[in-house]
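Worksheet: the structure to be examined is printed underneath.
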Amino acid sequence: MRSSPARLALLALIVPLACARIERTSGIEPLEGRRLLARATIGPAGGTVAPARPTDLHGDVRLVVPAGALAQDVEFAIHVRYGDPRLPSVVQTFELEPRGLDLALPAAFTAQYASAYEISAGAVWNELDVAAWSFATDPARDLRLHDVIDRDVERNLVAMQVNVLGTCFCMHRELR
């Protein structure tokens, strides 16, 4: 079988598209479209994962792990994604890793949305019925509703408690 340059070009185009489709349907997340905000190693004594540059767009994003939540040292990471193909609407999501880690005590996660989120979410952001959600692997199977423990409308901050790490986001309670 001979390979012509046209066939090779077509194959080079089809393979990445097929892989992207497999990633979306299998729950494996493609790395493109994500931005690393913070990384830290936390042990049994607890600690905080937060961006090193407080002037960054998401400078107030933080995960506070209490003492006793972990039995050993764990490397944590916080990523932001501007739109997630697994969700029905375009919202900023924050990915807490290692995904699926079950904490012995809940951690406090503070998400900071860009001011552009108000435009994409409409007036919903300023309503009191904004809810915090998360899922570990698939929103169709393990979507969780969290109580919002704090909100700062002026700085676009929402704080929630999380027991299992995964993807966290906020949207109106009725629009899920």
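Brief remarks on what is shown
- Full-stretch length increase - LEU57, ASP138 - with 0.36 nm per residue and alpha-carbon distance subtracted: 26.4 nm
- For the stretch 92-97, putting each phi into the Karplus relation 6.51 cos²θ - 1.76 cosθ + 1.60 with θ = phi - 60° gives couplings of 6, 10, 10, 9, 9, 10 Hz, in residue order, rounded to whole numbers and with x for Gly and Pro.
- Using θ = phi - 60° in the Karplus curve 6.51 cos²θ - 1.76 cosθ + 1.60, the 3J(HN,Hα) couplings for the stretch 46-51 round to x, x, 10, 10, 8, x Hz; x is entered for Gly and Pro.
- Here the spin labels are modelled as points 7 Å beyond Cα on the Cα-Cβ line, and at GLU75 and LEU145 they lie 3.8 nm apart.
- The stretch 57-103 - Rg (one decimal) and Dmax (whole number), Cα, Å: 13.1, 37
- For the stretch 146-155, 3J(HN,Hα) computed residue by residue from phi via the Karplus equation (6.51, -1.76, 1.60; θ = phi - 60°) reads 10, 6, 7, 8, 6, 9, 10, 5, 4, 9 Hz, glycine and proline entered as x.
- Close amide H contacts of LEU101 (hydrogens built in the peptide plane, cut-off under 5 Å, sequence separation of 5 or more or a different chain): LEU165.
Coordinate-derived values only; no laboratory data. No experiment lies behind these values; they were computed from the predicted model shown. Ideal geometry is used to build each Cβ from the backbone, glycine not excepted, and the neighbour counts take in all protein chains shown.
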